1. Out of everything in the range 149-171 that is assigned to a loop (DSSP other than H, G, I, E, B) and polar (S, T, N, Q), what residue ends up being surrounded by the fewest Cβ atoms within 10 Å (Cβ to Cβ)?
2. Determine whether LYS63 is surrounded by fewer than 16 Cβ atoms within 10 Å (Cβ to Cβ), in contact (Cβ under 8 Å) with a residue 24 or more places away in the chain and out of contact with any Ser or Thr (no Cβ under 9 Å at 6 or more places or on another chain).
3. Between a residue in the range 119-146 that is without any contact (Cβ under 8 Å) to a residue 60 or more places away in the chain and any residue that is open to solvent by 70 Å² or more (accessible area, probe 1.4 Å), which pairs come within a Cβ distance under 6 Å, given they are 6 or more apart or on different chains?
4. For the subset of the range 75-102 comprising residues that are assigned to a strand (DSSP E or B) and either hydroxyl-bearing (Ser, Thr, Tyr) or in contact with a Ser or Thr (Cβ under 9 Å, 6 or more places away or on another chain) (or both), which member is surrounded by the fewest Cβ atoms within 10 Å (Cβ to Cβ)?
5. For the range 9-43, give me each residue that is assigned to a loop (DSSP other than H, G, I, E, B) and acidic (Asp, Glu).
6. I'm checking my understanding of the structure. Among residues of the range 103-130 that are assigned to a strand (DSSP E or B) and more than 16 Å from the chain's Cα centre (by Cα), which one is surrounded by the most Cβ atoms within 10 Å (Cβ to Cβ)?
7. Give the range 32-48 a look and list any residue that's touching a strand residue (DSSP E or B) at 6+ places or on another chain (Cβ under 9 Å), open to solvent by 80 Å² or more (accessible area, probe 1.4 Å) and not polar (S, T, N, Q), or say none.
Amino acid sequence: ATVEQVAAGYATLVTIAGLVDERFLGFGELGATKTVILDVSAMTRMTSFGVRQWLKAMDALPKTITDLYLLGCPTFFVDQLNMVLNFGGASKILTVVAPHTCPSCGVESGELIDVLAERANLVKGGLPEKECARCGGKLEFDETPESYFAFVNKYAASSLQPAAAQLLASQGLYTSSELTA
């Protein structure tokens, strides 16, 4: 896996890309930053050793961090959040990718779900409607909402710290509908 950091003001964006395995050594030196966003959208896979290394890295995060966010959690990452105790540590999830299929044309896709904006809906087992990019048909969610979104009660973000919102917007990664200018 590769780990890159972009710092702006009081926030640091850490992008983790590729395979997370026994060679994953954590998120790098974060200094005195108070707000950290872990962008996991470019992660391709995580081995069982990778899970162990991820847990070590989460434990090693500086205790001075007051806000920790996860962005773009892929399906396999969501599975770990739901199965592994404290996999997400103190983090709050902004977005996840959810598996969908189009009943009309059979195309399978991973659809981005804005957990911050959809939190109330997700808690009740509701999902935002998604449209097929190929035929425009209504997509069907490939999992049971209760099991896939089991992490929501523990990890869903209910707000976004302003420094994190500004950094994400400046990188073109996330613009919160919750953001008040």
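1. Residues of the range 149-171 assigned to a loop (DSSP other than H, G, I, E, B): 149-151, 157-161, 171.
The next check asks that each one be polar (S, T, N, Q); those that pass are 158-159, 161, 171.
Working: SER158: 10, SER159: 14, GLN161: 19, GLN171: 15.
Restricting to residues being assigned to a loop (DSSP other than H, G, I, E, B) and polar (S, T, N, Q), the top hit is SER158.
2. no
3. Listed pairs, sorted by first residue: GLY125/GLU146; CYS135/SER104; GLY137/SER104; GLU140/PRO103.
4. Among residues in the range 75-102 that are assigned to a strand (DSSP E or B) and either hydroxyl-bearing (Ser, Thr, Tyr) or in contact with a Ser or Thr (Cβ under 9 Å, 6 or more places away or on another chain) (or both), the one surrounded by the fewest Cβ atoms within 10 Å (Cβ to Cβ) is THR101.
5. Start the filter on the range 9-43 by keeping residues that are assigned to a loop (DSSP other than H, G, I, E, B), which leaves 9-10, 21-34.
Those that are assigned to a loop (DSSP other than H, G, I, E, B) and acidic (Asp, Glu): ASP21, GLU22, GLU29.
6. By that ranking, first place goes to SER109.
7. The answer is LYS34, ARG45.
The values are calculated or read from the model by the stated rules, or taken from the named source; none is laboratory data. None of these values were measured; they are calculated from a predicted model. Every residue, glycine among them, receives a Cβ derived from its backbone with ideal geometry; neighbour counts consider all protein chains shown. Only protein heavy atoms, including side chains, enter the accessible area calculation; ligands, DNA and RNA are left aside. Shrake-Rupley method; radii C 1.70, N 1.55, O 1.52, S 1.80 Å.
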